[in-house]
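The values are calculated or read from the model by the stated rules, or taken from the named source; none is laboratory data. All values derive from a computational prediction rather than experimental measurement. Backbone-built Cβ (ideal geometry, glycine too); neighbour counts: all protein chains shown. Areas reflect the complete protein model, heavy atoms only, side chains present, ligands, DNA and RNA absent. Shrake-Rupley method; radii C 1.70, N 1.55, O 1.52, S 1.80 Å.
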Amino acid sequence: RKWETIKSFNDIKFEFFEGIAKITINRPEVYNAFRPETNIEMLEAMDICRERQDICVVVLTGEGDKAFCSGGDQNVKGSGGYIGEDGVPRLNVLDLHKRIRELPKPVIAMVNGYAIGGGHVLHVVCDLTIASENARFGQTGPKVGSFDAGFGSSYLARHVGQKKAREIWFLCKQYTAAEAETMGMVNKVVPLESLEDETVEWCKIMMQRSPMALRMIKRGLNAELDGQRGLMEFAGDATLMFYLMEEAQEGKNAFLEKRDPDFKKYPKFP
Ligand code: 2NE
């Protein structure tokens, strides 16, 4: 399989293959921990994934066979957040969570090793998770002076239930891929050597499905948890579909032609 580079970055690889975009956190020396610049790059890559018509599915993974992502880079954690090269503290991984949720295309976490701390949250916010047998899952916040009480807790609880979510956060233990699958936060576990094949296979199946149907399902499942913000995304897509109907064109045409719109001819579905 030949992945083509979409755009070169410092901290990530951003590649394309037959409708699939792959974002790889490329900092193996720190087990793919992210720093502010890593998230800025991933945000740009996600924007490209949103705009490009030929990208149907996004895969998020980490370089090497040790880690998917070990969370925030502890070397740059300072007062107020993770300190960027500009000296400013940020917690911009939260912007990435929002971007993954908003993207009207499926995002799959391809977990190839440790998914720990903020790295665990990243897989939690993805739509699907496929993990290799060597993957390890867990939160560390209360051990290292951090927490994610947002999607990292509330959405995790939707996957594994309240008791397990509290156990994961309060005890900061590590869980095997098999345990994560049993808990309901991983869709499938495969040997490391077949991880990418399996992930690409899932992508290909989804690409045979209706993109609009997948989009609306993602919006609806998000809306349940995302309140007014989720309804806004859902409603935005309803408007998109309305704009595809002649009924919406009639309103605009009447305005431009300086006449009253004739909506009577359109069906009133039961
Ligand atoms: C991932 C884990 C469990 C792996 O353990 P092990 O023993 O297999 O490897 P080791 O030796 O700990 O790590 C390998 C190298 O990666 C670096 C280590 O320092 C080490 O470097 P060298 O000594 O070889 O030079 N490394 C690993 N994780 C790093 C990190 N996050 N930042 C910088 N360097 C890192 C073990 O490494 C581990 O527990 N890592 C720390 C996980 C962690 O606590 N992450 C931060 C959680 S807080 C967070 O991410 C967060 C949040 O809670 C809320 C919002 C945003 C972020």
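Things to note:
- A helix-only calculation puts the chain at -13500 deg cm²/dmol for mean residue ellipticity at 222 nm, using -39500 (n - 2.57) for each DSSP H run of at least four residues, averaged over all residues.
- Ranked packing of 167-179, 244-256, most packed first, by mean Cβ within 10 Å: 167-179, 244-256
- Farthest positive-ward along the stretch 168-269 dipole, Cα basis, beta-carbon charges - from 251, 231, 187: 251
- Rounded to the nearest 20 debye, the dipole magnitude of the chain is 740 debye, with +1 charges on Lys and Arg beta carbons, -1 on Asp and Glu beta carbons, and the Cα centre as origin.
- Highest-first arrangement of 61-69, 111-119, where packing means the average Cβ count within 10 Å: 111-119, 61-69
- The mean sequence separation of alpha-carbon pairs under 8 Å and at least six residues apart, normalised by the residue count of the chain, gives a relative contact order of 13 percent.
- Accessible surface for the stretch 141-270, divided over its residues, is 67 Å² per residue with a 1.4 Å probe.
- Stokes-Einstein D for the stretch 1-92, Kirkwood Rh over Cα pairs, 20 °C, 1.002 mPa s (µm²/s): 156
- Ranking 21, 168, 62 by Cα position along the charge dipole of the chain, where only Lys, Arg, Asp and Glu carry charges on their C-beta atoms, puts 168 farthest toward the positive end.
- Distance from the Cα centroid of the stretch 1-23 to that of the stretch 200-263 is 29 Å (rounded to whole angstrom).
- At an R0 of 22 angstrom, the distance between the Cβ atoms of residue 144 and residue 47 translates into a FRET efficiency of 0.10.
- Cα gyration tensor category, rounded, prolate or oblate, for the stretch 88-137 with a/c compared to 1.5: oblate
- Share of carbon and sulfur in the accessible heavy-atom surface of the chain [1.4 Å probe, %]: 55
- If you wrap the Cα atoms of the chain in a convex hull and average its projected area over all directions, you get 17.9 nm².
- Note on residue 17 and residue 154: with the Förster distance fixed at 30 Å, the Cβ-Cβ geometry gives a FRET efficiency of about 0.35.
- Ellipsoid equivalent to the stretch 1-155 - semi-axes via the Cα gyration tensor, in Å: 23, 17, 15
- Relative contact order, percent, the stretch 93-186 [alpha-carbon distance under 8 Å, six or more residues apart]: 28
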